[in-house]
1. Just for segment 19-74: of the residues that are of a type in the set (Phe, Trp, Tyr) and under 24 Å from Leu173 (Cα atoms), which one is surrounded by the fewest Cβ atoms within 10 Å (Cβ to Cβ)?
2. Which residue is modelled with the highest pLDDT, if the candidates are limited to segment 115-153 and must be among the charged types (D, E, K, R) and farther than 16 Å from Thr176 by Cα?
3. Please work out which one of (1) in a strand (DSSP E or B); (2) under 16 Å from Phe166 (Cβ atoms); (3) in contact with a Phe, Trp or Tyr (Cβ under 7 Å, 6 or more places away or on another chain) is the condition Thr95 fails and give its number.
4. Of the conditions (1) modelled with pLDDT under 85; (2) farther than 18 Å from Tyr163 by Cα; (3) touching a strand residue (DSSP E or B) at 6+ places or on another chain (Cβ under 6 Å); (4) surrounded by 12 or more Cβ atoms within 10 Å (Cβ to Cβ), Ala3 satisfies every one except a single condition; which number is it?
5. When the residues of segment 154-191 are narrowed to those that are of a type in the set (A, V, I, L, M, F, W, C), more than 26 Å from Val109 (Cα to Cα) and part of a strand (DSSP E or B), which ends up modelled with the lowest pLDDT?
6. Please determine, by comparing only the residues of segment 13-35 that are in contact with a Phe, Trp or Tyr (Cβ under 8 Å, 6 or more places away or on another chain) and β-branched (Val, Ile, Thr), which one is nearest to Leu62 (Cα to Cα).
7. Quick one: what pairs do we get from segment 10-33, first residue farther than 20 Å from Ala90 by Cα, second β-branched (Val, Ile, Thr), C-beta under 7 Å, 6+ apart or different chains?
Amino acid sequence: MTATQADGSTTGWSLLVPQTWSRIRLERDRPQQVAALMTRAFATVSRDQAAPVRRLVEQELLAKADQAFAEGGREFYLLTEVRRGLPLAATLVVTVLPETLPADVPAQVLAQVLAEAPNAEPTVVTVAGHEVPAVRRSEARRFADVGDGLGSSRVVLTGLDVYVPFPDRSRILLLTFRTPLEPIAAAMTTLFEAIAGSLRWREN
């Protein structure tokens, strides 16, 4: 992906994301990309069995993609996989923020400022040889159960927000990771940090 910097030059970035993650480019054709993703996800399920669930999942995923784009998101990554009988799920939203980070303040100090909310833990992540501020987050939410819609389930979302300044420090590239898998939250956070650490800039 690319973004235009203050001097008019274009800066691109790349991330090394496992092949099991699907990417949606938020700036165009979101419905078509979500539909294609659902076709792949339900390829081994009969059409009659999959139709009701697929419609619901497709609607929810498109709503999340639209919301991410409305909030400045450029890319939306989604992990849906079953490994050793355990369903894995996680998301990553890549957003360009108009704010800046001061160059003369250590990343750890910036992380402490950014981690003001409850259940937020400041940390740092190394990106392209430089430490950048990051915040580990944990948030309990309730989601309506699929079916009659009368019940709800409590889910703990574990997250990592990584704030990477652009090369000219005019903006911030925010990497927002989330997973509902509380039992393996630590392992998923390690994966999130590795993905964030793979970020590389490209000057065009």
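1. Step one: list which residues in segment 19-74 are of a type in the set (Phe, Trp, Tyr), which gives 21, 42, 69.
Filter again for under 24 Å from Leu173 (Cα atoms), leaving 21, 69.
Details: Trp21: 16, Phe69: 20.
Here the answer is Trp21.
2. Applying the first criterion (among the charged types (D, E, K, R)) to segment 115-153 yields 116, 121, 131, 136-137, 139, 141-142, 145, 148.
Okay, now just the ones that are also farther than 16 Å from Thr176 by Cα, so 116, 131, 141-142, 145, 148.
Details: Glu116: 87, Glu131: 96, Arg141: 70, Arg142: 61, Asp145: 53, Asp148: 51.
Ranking the qualifying residues of segment 115-153, first place goes to Glu131.
3. It is condition (3) that Thr95 fails.
4. So the condition that Ala3 fails would be (2).
5. Here is the first cut: in segment 154-191, the residues of a type in the set (A, V, I, L, M, F, W, C) are 155-157, 160, 162, 164, 166, 172-175, 177, 181, 184-188, 191.
Retained after the next criterion (residues that are more than 26 Å from Val109 (Cα to Cα)): 155-156, 181, 184.
Right, trim to part of a strand (DSSP E or B) and you get 155-156.
Values: Val155: 75, Val156: 81.
My answer is Val155.
6. Once the filter is applied, the top-ranked residue is Ile24.
7. Going by the 7 Å Cβ cut-off, the qualifying pairs are Thr10/Thr2; Thr10/Thr4; Thr11/Thr2; Gly12/Thr2.
Every residue, every condition in (1) closer than 24 Å to Ala134 by Cα; (2) among the hydroxyl-bearing types (Ser, Thr, Tyr); (3) modelled with pLDDT of 75 or more; (4) outside any loop (DSSP other than H, G, I, E, B), yes or no:
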residue: Ser22; (1), (2), (3), (4): yes, yes, yes, yes
residue: Arg28; (1), (2), (3), (4): no, no, yes, no
residue: Thr39; (1), (2), (3), (4): no, yes, yes, yes
residue: Ala43; (1), (2), (3), (4): no, no, no, no
residue: Ala50; (1), (2), (3), (4): no, no, no, yes
residue: Asp66; (1), (2), (3), (4): no, no, yes, yes
residue: Phe69; (1), (2), (3), (4): yes, no, yes, yes
residue: Glu81; (1), (2), (3), (4): no, no, no, yes
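The values are calculated or read from the model by the stated rules, or taken from the named source; none is laboratory data. From a predicted model like this one, the values you see are computed outputs, not experimental measurements. A quick note on method: Cβ atoms are made from the backbone with ideal geometry, for glycine too, and the neighbour counts reach across all protein chains shown.
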